[in-house]
Amino acid sequence: MTKNDSPLPFTKIGDKGNTLLSNYAEIKKTSYRISAIGDIDELNSTIGLAVEHLLRDVKDKKSFLGFSGYTYKKRYEEVSRILQKIQHLIFVAGADFLPHTTLIRNTG
């Protein structure tokens, strides 16, 4: 049985200090690539958490980042939109650290 045929959700490769990429290539968990993937994921999660905290502040009518001249809702919408664009760019950049595979498009 190969690692691709395993009916279990684990391969025991991690026990040896390795992990699998999406193309099933084995790579050291300590590699810079895996570290970068983790850092990018953590950054994206932190931005998402910040958006949620901002929304909570808006709902509680707390001070909102020192902006003036806007309503709480407008401030949240503006900052949230910017942060979500940043999240998207980070997500796309993170894909550069993954193995490139051929995509099959449904053209029908």
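The values are calculated or read from the model by the stated rules, or taken from the named source; none is laboratory data. Remember, it's a predicted structure, so these values are computed and weren't measured experimentally. As a convention, Cβ positions derive from the backbone with ideal geometry for all residues, glycine included, and neighbour counts pool all protein chains shown.
Looking only at region 68-76, decide whether some residue is on the phi > 0 side of the Ramachandran plot and either at pLDDT 75 or above or outside any helix (DSSP H, G or I) (or both).
yes
Looking only at region 92-101, decide whether some residue is touching a helix residue (DSSP H, G or I) at 6+ places or on another chain (Cβ under 8 Å), modelled with pLDDT of 80 or more and not acidic (Asp, Glu).
The answer is yes; a qualifying residue exists.
Of the conditions (1) out of contact with any helix residue (DSSP H, G or I) (no Cβ under 9 Å at 6 or more places or on another chain); (2) modelled with pLDDT under 80; (3) of a type outside the set (Phe, Trp, Tyr), Leu65 fails just one. Which one is it?
So Leu65 meets the others, but not (1).
Only residues that are touching a residue at least 60 places away in the same chain (Cβ under 8 Å) and at positive phi: list them for region 21-36, please.
Those that are touching a residue at least 60 places away in the same chain (Cβ under 8 Å) and at positive phi: none in region 21-36.
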